[in-house]
Each structure stands twice: as structure tokens, then as C-alpha cells.
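Everything on this sheet refers to the single structure shown next.
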Amino acid sequence: MQDAVEEYDDLGDHTILRRYKAAGDVGSRVAAQLAAICVPGADIADLCAQGDRFILKELSEVYKERKDLEKGIAMPTAISVNNVVGNFSPPASLIGKSQKLKEGDLVKIELGVHIDGYASNIGFSTVATATPDQPITGRKADVICAAHFAGEAALHLLVNGKTNNEVTETITKIAQVFNCNLVEGVLSHQTKRFVCDGNNVIVSVPTSDLVAPEFSFEAGQVFTIDILMSTGSGKVKLSDEKPTIFKKVVDATYKPKVQASRTMLQDVNRKYPTFPFSLRSFDGEGKAKLGIIELLKHDVIQPFPIVLEKDNGEQVAQFKFTVLIREKVTEKLAVYNLPYVSSAISITDPALNAIIGSTIDTRTEEEIENDEEPEDGELEEEEEEEEEA
């Protein structure tokens, strides 16, 4: 598991390409299932648990012939509402007792899937409503449109020769068009096999404390674009809620003294050595909460804090997706349905519209067909399904 990682990141390798795409397909199917049940009255803890179960169920249906292939959750399901920026993922013990969705809530759904360490992350915004055929208007519509179009602009700039700074400048202009602000502290990372936070980053809001060296995008790179947009200032504060999502610090060497912590660390090393995990992932939530205390104290694991927009009453929208930069095409792995919104604001700047409308796929029909050919393990499954039909 996870050996010789650096040798297995070539997007020209059909096997690697298909595993990224298969992870993206699973994430997209789960996103659709979750969006359908994010309705008024739904319990957020239950939705998050269902999201994780959906991921594992969908993964059980792919690469069934490859028992040696590692598959799993690359980001636990989180559902953050209105001014909550992210990482809201209540534990299983709160199912039936956690926050309920209300009519008109702006709901951000985030999750991740990996197959053999090749991860696809997805985050998108929807609105909990009993009348989905009626358009959402006003500031909710503005912020959803701002986040969506900023994401699309970023996608179209992830091509050979463009830079991370160009992405930052463009998404900032789109935020201004919709009278919104990008959320501070948000990074879009280059990713690799079993690595969700590589060194090359796109900073949404550069500050004196948060800047990134400029670099150019190249074919063969993979990025996860994360756009978080606010109707408020975009400045954040920590929630009083305790974190429930964590990630192992890869180079941590501390050996815990408490038995509960040793047991938990063994489970983390075995199941989640590189990707984030939630307290839902462990049998016995009480023991997990006990075991995690020492691991946090000695920086063996790091928390994903629950973050809020600093300005009360504001709305935050998100669109997040993994992108493959290839020689002739830049591919967005996530597919999700956009909520029905109607903003009074539109993008009229010709330069911005040119970016959003630019061509990022110059493949021939034959090249597209070759890209869609399944690898051997998938082919066997497709043939089995055809025989059963």
C-alpha cells in the first residue's frame, strides 16, 4: 500500500487515468444521491453518515475483480449550512439529534473518493426546499452564481502555461462582479497519489501571512479546485463546535502512552494513513474521542476545524472539484446538478466571458473514444453486467 507513490502519477498511463475517472464517477453518483435527500427536516448527522455509506456502497460495485486494489473515502461527508464555511460533520451518536435542514438553507455538501490512492474530491452547493421548481433569488442566488462561475473560470485557466496567480486574479474579479468576497484561508492544492495537499497551491485571497510562489501549470498535473464564496467579508472565525474530521500527520513519530490512543493510532495507520477521516469511521465513538486527545496534544493528527463566516447572517457557497491537466484536454472529474437560481447580476466583462468560454478540449473523436475505454478490471465487470441484463 502506498509504496513508490511518486512513480505512479503519470496521466498518460491509461490505468491511472481510468482510476481517477472511476473515483470521479463514484463521487458524482454519491453527490446526486445526497442532493436528493437534502430536504427541509433532514438531520445533518444522518445525511453525513448516509453519504459515507453511499461512497462505500458505490465503491463496492467497481473493480470487483481487483481484491488487492485499495478503495475508500478520501474526505468524509460534511454538510455545512448557510454561514458555516466547512467541515461540519456530526458524529453518528448525534443522528436524530443534530441540526435539521430548514426551508431555504444554503447547503454545502463535500466528500471525497479514492481508488488506489487516486482521489476525486467534490463539493457543491444546493438549497433545501420543498419547491425546487421555484428559482432561488437575491443574495443566495448571487453567491451561488459567483462561486460557480469562479470555479468554471479556474477550470479553464488550468492549462499549459497559465499561472496560479492568473487564477487568483480572475476569481477575485468574478467575486467583485457579484458583490461577494472569496473566503480567506482557502487553498486549491496540487494532488498526487495518496497526497491530497501538495506543495503547489492557488491562494484564493493572498494576505501578508498567506502567499504562494508563482508557478505555471503543466500537463500531467492534478489539482483540486476549492472555491468558497461569501456574501459577507469572507473573513472567518472558529466555531464553538469541536472538530470531528482529522488527518494523520505523515511524519509524526510520537508514540502514545495511553492504550486508547495507541489503539486508535494503529487503526489510523492501517485505514487512514494519508486521507482525512471522521469519528464515524471508528467502532466505539467514546473510545475514539478518548484516544484522540493524546494524539492531538502531540500533533500526531491534525483537526479540520469547523469554520464560520465572521459576519453573522451571511451566506457561503462552495464548488470544489478535482481537475486533470492533460496535453489536449483539461478534465473536471465531478458532475453535479446546479440548484435553480436566478441572479439579477451577470458577467458582462468580455475578458472574463472569454476565459469561461475558452476551449479546453482539443482531442479528436478517436482520442476521446480511446480515453473512455475501460481498463481490464472494469471490462470484466461491464461484460458481467451485460450478461446479467
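What to note about this one:
- With the simple model of a label 7 Å out from the Cα in the direction of the Cβ, K235 to L187 spans 2.3 nm.
- Zone of T348's modelled label, taken as backbone nitrogen in the range 145-183 under 16 Å from a point 7 Å along Cα→Cβ: 174, 176-179
- Label of the coordinate-derived value, volume of the Cα convex hull per residue in Å³, listed as (i) 127; (ii) 206; (iii) 159: (iii)
- DSSP finds beta bridges in the range 13-126, and of those with both partners inside it, around 100 percent are antiparallel.
- Separation of alpha-carbon centers, the range 283-323 and the range 125-190, rounded to whole Å: 23 Å
- Across the chain, C-alpha contacts under 8 Å between residues 6 or more apart give a mean separation that, scaled by the residue count, equals a relative contact order of 23 percent.
- Solvent exposure of the range 76-156 as accessible area per residue, Å², 1.4 Å probe: 28 Å²
- Contour excess over end-to-end distance, with Cα ends at Y340 and E369 and 0.36 nm allotted per residue: 7.2 nm
- Within the range 196-216, backbone nitrogen closer than 12 Å to the virtual label 7 Å beyond the Cα of V250 toward Cβ: 196-200
- For the range 296-350: rounded, prolate or oblate by the Cα gyration tensor [a/c cutoff 1.5]: oblate
- Placing pseudo-labels 7 Å out from each Cα toward the beta carbon at Q259 and Q176 gives an inter-label distance of 6.2 nm.
- A straight Cα-to-Cα reach below 28 Å connects K287 with the lysines K57, K71, K97, K100, K242, K247, K248, K255, K257, K271, K297, residues fewer than 8 places away in its own chain not being considered.
- Alpha carbon centroid spacing (whole Å) that separates the range 41-72 from the range 334-354: 31 Å
- Amide N proximity, the range 67-84 versus K100 label position 7 Å along Cα-to-Cβ, cut-off under 18 Å: 81-82
- Length released on extending from S216 to T131, taking residue separation times 0.36 nm less the Cα-Cα span: 26.1 nm
- Most fluctuating residue given options H156, H114, H14, as computed from a GNM of the chain linking Cα atoms under 10 Å: H14
- Accessible-area order (highest first, 1.4 angstrom probe) of the listed residues L187, L17: L187, L17
- Solvent-free Debye calculation, one equal scatterer per alpha-carbon of the range 173-221: log10 I(q)/I(0) at 0.21, 0.33 Å⁻¹ equals -0.86, -1.22.
- The residue list G291, A317, N160 was ranked by how far each Cα lies along the charge dipole of the chain toward its positive end, using unit charges on Cβ atoms, and G291 comes out on top.
The values are calculated or read from the model by the stated rules, or taken from the named source; none is laboratory data. Computed from a predicted model, the values in this text were never measured in an experiment. Reconstructed Cβ throughout: ideal geometry from the backbone, glycine too, with neighbour counts over all protein chains shown. Side chains are part of the model used for accessible areas, which takes the heavy atoms of the whole protein and leaves out ligands, DNA and RNA. Shrake-Rupley method; radii C 1.70, N 1.55, O 1.52, S 1.80 Å.
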